[in-house]
Amino acid sequence: MERVGLMAWIGALGAVTVAGAAGGYLGLVTGALPLDLGVGRRARPLGPQTVDIAASREVVFDVIAQPYLGRATRAMREKVTVLERGSDMVLAAHRTPVAGGRLTATTVETVRFTRAERVDFRLVRGPVPAVTESFTLTGHGSGTRLVYEGELATDLWRAGQWWGGLVAPRWEATVAASLGTVRREAERRSALR
């Protein structure tokens, strides 16, 4: 009887361990369980990604800033929620589908605006402890060159580096999709003028 009790206890402990690991993973992926230990921090670059846009810097800047500083479209309201707003900076929650759309990752970031020149993002809460990013706008011919660059940092040495290797490609793909949307909308607005 004692052996059966021990086996049941070991089985229950195993189930709790698996459930805890799965919950921790889901928490990290969705940003619900941010992990910022500051130990064994490693950083990796994000980008650069460059997009040439047939629109003025002012139009491109307005397209980027609209969901944060202006009235967001319905589609953008599903992706971005402004939590706090100042004159040149907002605190915003960004929602991104992950795992084939079965989960939603939510990051919270500060977004700082330098009119028609740059937009800077700094992660406050998300799947990694630190991300800084910038969209820089420069004149290019009769249009605008938008350059995205950033840095993603993780903790826990090689384990964190492995996690960053999983997160960074998805992060950059999300940014690439956003840059494509900015280009299309800015060129559409420019054509209407």
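Across segment 141-171, what is the total count of residues that are in contact with a Gly (Cβ under 7 Å, 6 or more places away or on another chain) and of a type outside the set (S, T, Y)? If you could, list the steps in order and put the result at the bottom.
Going residue by residue through segment 141-171, those that are in contact with a Gly (Cβ under 7 Å, 6 or more places away or on another chain) are 148-150, 152, 154-157, 160.
Next cut, of a type outside the set (S, T, Y) only: 149-150, 152, 155-157, 160.
Result for segment 141-171: 7.
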Residue pairs qualifying under the 7 Å Cβ cut-off, at least six apart or on distinct chains, with the first in segment 41-65 being under 19 Å from A173 (Cα atoms) and the second being of a type in the set (F, W, Y) and buried (at least 19 other Cβ atoms within 10 Å of the Cβ), are L46/W171; G47/Y148; P48/Y148; Q49/Y148; I64/F135
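Yes/no matrix, rows are residues, columns are (1) in a helix (DSSP H, G or I); (2) at pLDDT 95 or above; (3) of a type in the set (D, E); (4) touching a Gly at 6+ places or on another chain (Cβ under 9 Å):
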| residue | (1), (2), (3), (4) |
| --- | --- |
| G20 | yes, no, no, no |
| G23 | yes, no, no, no |
| L26 | yes, no, no, no |
| P34 | no, no, no, yes |
| P45 | no, yes, no, yes |
| V51 | no, yes, no, yes |
| V59 | yes, yes, no, no |
| I64 | yes, yes, no, no |
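The values are calculated or read from the model by the stated rules, or taken from the named source; none is laboratory data. These numbers come from a predicted model, not from an experiment. Glycine gets a Cβ as well: all are built from the backbone with ideal geometry, and neighbour counts include every protein chain shown.
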